[in-house]
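Step one of this worksheet: look at the structure below.
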Amino acid sequence: MDICSSAVRRIVTQVVAVVMCVAFSTTAFAQGAAAPRPASDHLTLVVPSAVGGGWDMTAKAMKATLERENIVRSVDIVRYPGAGGLVGLSQFVARYRGRDDVLMIGGLVMLGAALRDESAVGIRDVTPIARITGDWGMLVTSRRSPIQTVEDISKSMTANPEGVRWAGGSLGGPDQGLVWRIAQQLGVPFDEIPYYGRAGGRRVADALVEGRADIGMSGYSEFATFLADKQLRVLAVAAPERIPGIDAPTLRESGIDATMMNWRGVFAAPGLAAAQQDRLSTLVGAMVKSATWQEALRTNHWTNTYLDSAAFAQFIDREQARWLDIVNPPERTTKLTIPASSLRIDSRLLAILATVLAVVTAAAAFLTWRLHRRRASALALELRCRELAGLLDQDKVDPGKLVKDGIDNDFGEWKLSSAEADIAWFMLRGLPLREIATLRGTSERTVRQQAQAIYRKAGLEGRSDLAGRVLERFI
């Protein structure tokens, strides 16, 4: 009996051990299935634009998706803004050649800027990985603008093309291309249209709210905050059909047959092997199929325009040829015919010419005087800078106090009120207008009006000019 009992105990012990082993293995397998190892440990996304633009928002959505879906363990974003993406493109080609842990966001704006500026570095100098989104153009105005419909645009441009100020993305991009198409539909010459290129939709929105532009163009995601705050209103979308979730007609519905989509894609650095390109293509392909990315498309009203690397490369070749005609439209060639009879000069015409000549002479004298004053101011500034430099070299003044006193002197010369001076200091420190309003316990609208008063008194265009003007004495 003891032998039998001992044998039974050994069998039971072995069975229990097997069951526990199977249970542990099953649990470990389930955990592994729930949290697969990322396809890549690290990825850097290069954004060739400022914060808040479409490329920046695309990069942020990619980072959130790649990390949340465990496709990449960690994603960093670096920015090289300027010149419609050409600054970032040049940096990307120079710094990251041969690296397979970095991708650049780019698109139609960059392609158009390179064509327009005849840049030495273009979109063909990098490796196409995938086209991922499309953003249909949107026309918006300030709530206070007298232009409230597309019909108002047509009437205003037909009557006085130079009187309608357009603001959009960089020169040569889809926004300017859309303006040209609208002008073509209305029979308005391209060279009479004032178009101001801005670094991203947020800058366009600021120009509209501050009254420095009449009509703005960009994608929905870049205007979303201003639309939610009811500072801007949508006139129309440049899509073939209405966009779900956006209460606005298409341009076609309003009688202007023009559409424009701003596509965006991702590019790898030059000099990669085929296997490296395939790995990045697989990574992006997994991202665009994920539920997180599909939700990002819906939230931002982006269109899914995914093309794999081979199809994307062919698309870029076609787009280069198509866009070259758009960013370089033919100039007006209408010849002015002067009848021979009109060449006879009478006394009244001579009087008019004499008046014009007098006005021109007076204007030239005034400009000469202004130039003399500016040179004198520059000389005085140079002497002051030398004096301050000498004091600093002799350790006779505190550098921090020197800077503060110099800036206070500028504010005094501009005749800023105490409230305006406080706001100017906050802007020099880089605080957004909303945070300044919170700190001062007032509305953002009030702070924005005071900021405009500062620019007007100082003869400046905006915040960057404010910083540049103040720093002139210290550089």
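The values are calculated or read from the model by the stated rules, or taken from the named source; none is laboratory data. All values derive from a computational prediction rather than experimental measurement. Cβ placement follows ideal geometry from the backbone for every residue including glycine, while neighbour counts extend to all protein chains displayed. What goes into the accessible areas is simple: the full protein's heavy atoms, side chains included, and nothing from ligands, DNA or RNA. Shrake-Rupley method; radii C 1.70, N 1.55, O 1.52, S 1.80 Å.
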Exclusive hit being touching a Lys or Arg at 6+ places or on another chain (Cβ under 7 Å), open to solvent by 40 Å² or more (accessible area, probe 1.4 Å) and acidic (Asp, Glu), set ASP76, ASP125, ASP117, ASP41
ASP41
May I ask you to list the residues in segment 174-223 that are in a loop (DSSP other than H, G, I, E, B), closer than 22 Å to ASN160 by Cβ and of a type outside the set (Asp, Glu)?
GLY187, VAL188, PRO189, ILE193, PRO194, GLY211, ARG212, ALA213
Helices (runs of 4 or more DSSP H) within segment 37-136 that include 1 or more residues at pLDDT 85 or above and more than 21 Å from the chain's Cα centre (by Cα)
54-68, 86-95
Take segment 432-466 and flag every residue that is hydrophobic (A, V, I, L, M, F, W, C), buried (at least 16 other Cβ atoms within 10 Å of the Cβ) and either under 22 Å from VAL51 (Cβ atoms) or at pLDDT below 85 (or both).
LEU433, ILE436, ALA437, VAL447, ALA451, ALA458, LEU460, LEU466
For segment 267-299: of the residues being of a type in the set (A, V, I, L, M) and touching a helix residue (DSSP H, G or I) at 6+ places or on another chain (Cβ under 6 Å), which is farthest from VAL121 (Cα to Cα)?
ALA296
Among residues of segment 189-209 being over 16 Å from the mean Cα position of the chain (by Cα) and buried (at least 18 other Cβ atoms within 10 Å of the Cβ), the residue modelled with the highest pLDDT is VAL209
Give the residue, chosen from ALA205, ALA228, ALA236, that is among the hydrophobic types (A, V, I, L, M, F, W, C) and without any contact (Cβ under 8 Å) to a residue 12 or more places away in the chain.
ALA228
Here are SER218, SER145, SER154, SER170: which of them is touching a residue at least 24 places away in the same chain (Cβ under 8 Å) and in contact with a strand residue (DSSP E or B) (Cβ under 6 Å, 6 or more places away or on another chain)?
SER170
Can you report the number of residues in segment 69-86 which are under 14 Å from VAL284 (Cα atoms) and in contact (Cβ under 8 Å) with a residue 60 or more places away in the chain?
3
